[in-house]
Amino acid sequence: MSGLEWVGIALSLAKTVDSLAEFLITGYSDTSKFGPDLEKVRLALSIEASNFRSLKTVLFGRQDEVPVAPPRTVRFSFHARVQQSTSSSPPIGLFRDLDPQTQLDVINVLRQFRESLEAQYQLVRGRYGSSQPNLRDVVDSSVSFGSYHTASLLRRVRWGFAEKAKVEKALRELQCWNERLHRMVQIKLIQNEIDSPAKTEIASPPSTLFQKMQSTGLTGDMDSLGLIDDIQLAKISTGSSALPSPSLRLGQDMIERYEQADVLVRSASRRLVVVDGQHVLLEYKDYDEDQEGSPSEAAQNRIGNLATMLQKIKSSRYHALQCDKYYWRKGQFVLSFPIPATLAPGYTTLISILQQSRVPSLEDRFILARTLCAAVAQLHTVGWIHKSIRSDNILFFTPNDSSSSGNIQTPSSSSAFFEQLYLSGWEYSRPETGFSSKPIFSNEIAENVYRHPEQWGLPTVRFGRVHDIYSLGVVLLEIGRWKPALGFHHGKFRNVESGSLVRNRLVESATDQKMLSSMGTRYQSIVLKCLQWSSLQDVSEDVETLDFQTEVLDTLDEIVSHL
């Protein structure tokens, strides 16, 4: 089959997905009588549908630019038909420049995406009988949806989807398939941009996928998906982008205001303060002073780079607050994170929830695990490592709306609460290609229990993605058993001085029957994979981003989408 035929098949599937999503959302078009919860889900569905249309445009170009040719029908393994374009001019988009394997992967995801949406459609048709429009008519762009939307049908469709659980399931499936497509596009764009040699000739044709997308005028859709920011962050991580902006460094006249601000919450490495009426989260990082009591120039550049990276984070996929300023004082760097107006200023941590609240539902724990893994994967994709993934660095805020009192409530059955996590503890974060200002050394077992055995004491092995993933595996174990990591040892690991002994005990806890019975075999395999990744490969190799996406995130996507 030719490359042009692959393009036609993929484009036909994308059009079908788009049409089915539009039909389903039309069924939710009047949800006010079902209450605000259903209306919020409907709006979220509309956002996901819009995100898919942007992904479709990035992959295949704008449809009004695609030449229309007589279609021919192609039958796949599923029971509906799609129309394959056989135009001699392929769509202007990213898909045609992808390698054959990635093209097949995209087609496979679109096929499964389409089957998922069709199942939602069949739910409506099965409930209300043959008065529903035929699926072949629904996906036919020449037929108007409006001709089928009688008042009686609309009432029945809306009633059918009024059941909140079914609507939320449809939303989860849209989110999961959108995320999988987004990750495939994101990884290819970034890898191509970083691996391609820099062009020195001004008049030379575009050489990278991103440059080709710029030449076709599709950067607006890329920007709405956060892909342009992702590429810029990846360039910062490799040193190919500009040095940190001096505007982020706080002036001396303002430092005193931050230092004397009212403190609402205080911990060893961060404070929640109020500066000029704005709630701000401050994070602290120690540095070695020179003879004048200042950090070295290299340390200043590193903290500036970190602040710039955290300032450029705009996509919610990073699950991180945006940094707006940094400064230093008395042997410490300070990073400033304003709390957005959409969030109530109070927060809680995952470790606090683990210690205080009852066990959430199975659904909530899977959603929490998937959200956390996606946030870490997003960071690794742009070439950054966190270095301090642990439960007390995972924050939760509540929305600052009319229904929120501003106080953090112990979660009971709200999946939305667990989806709104924020990574913190950025003091040691750096680009994968960069060097740490100083090694992480701590005698605190509450911190060391999350560290890979190679990172205990004074590390002799360079910190890589595999060490972040190990820490993530410890947190996933906590989520699965709903128990703090220290609780997996009768003495809370107080007298254990070897990281290998700690890992062995955590692996034992992940393999026991309690984990299997509470979370199932696939989740158990994910936890064990994260805890043992470095022992399953050459020690000189790091975890490939695509491997983590495939073996961890895709599996969690499948679990969550079928809850």
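The values are calculated or read from the model by the stated rules, or taken from the named source; none is laboratory data. Fair warning: this is a prediction, and the values are worked out from it, not measured in the lab. Virtual Cβ from ideal backbone geometry, glycine too; neighbours counted across all protein chains shown. Ligands, DNA and RNA are excluded from the accessible area calculation, which covers all protein heavy atoms including side chains. Shrake-Rupley method; radii C 1.70, N 1.55, O 1.52, S 1.80 Å.
At-a-glance table
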read-out	value
Computed FRET value (nearest 0.05) for LEU458 with GLN211, which takes r as the C-beta separation and R₀ as 51 Å	0.70
Efficiency of FRET between ALA446 and ILE194 - r from beta-carbon atoms, R0 30 angstrom, step 0.05	0.25
Distance in nm between pseudo-label sites at SER361 and SER50 (7 Å out along the Cβ direction from Cα)	2.7
Separation in nanometres of the label points that stand 7 Å from Cα toward Cβ, at SER247 and LYS314	1.3
Calculated from backbone phi, Karplus (6.51, -1.76, 1.60) coupling profile of the stretch 521-532 in Hz, x at Gly/Pro	5, 5, 5, 4, 5, 5, 4, 5, 4, 5, 6, 10
Protection-proxy order for peptides 311-322, 457-468, 366-377, each taking the mean of Cβ atoms within 10 Å per residue, highest first	366-377, 311-322, 457-468
Förster-model FRET efficiency, 45 Å R0, ARG62 and LEU501, C-beta, rounded to 0.05	0.15
Given charges at Cβ of Lys, Arg, Asp, Glu: the stretch 268-329 dipole, positive-most of HIS279, TYR327, SER296	HIS279
Distance from the stretch 363-390 to the stretch 278-351 (C-alpha centre basis), Å	19
Spin-label model distance (nm) - GLU551 vs GLU5, 7 Å beyond Cα toward Cβ	3.5
Probe 1.4 Å, protein heavy atoms only - accessible area per residue of the stretch 204-324 in square angstrom	50
Surface share of carbon and sulfur [accessible, 1.4 angstrom probe, percent] for the stretch 335-400	53
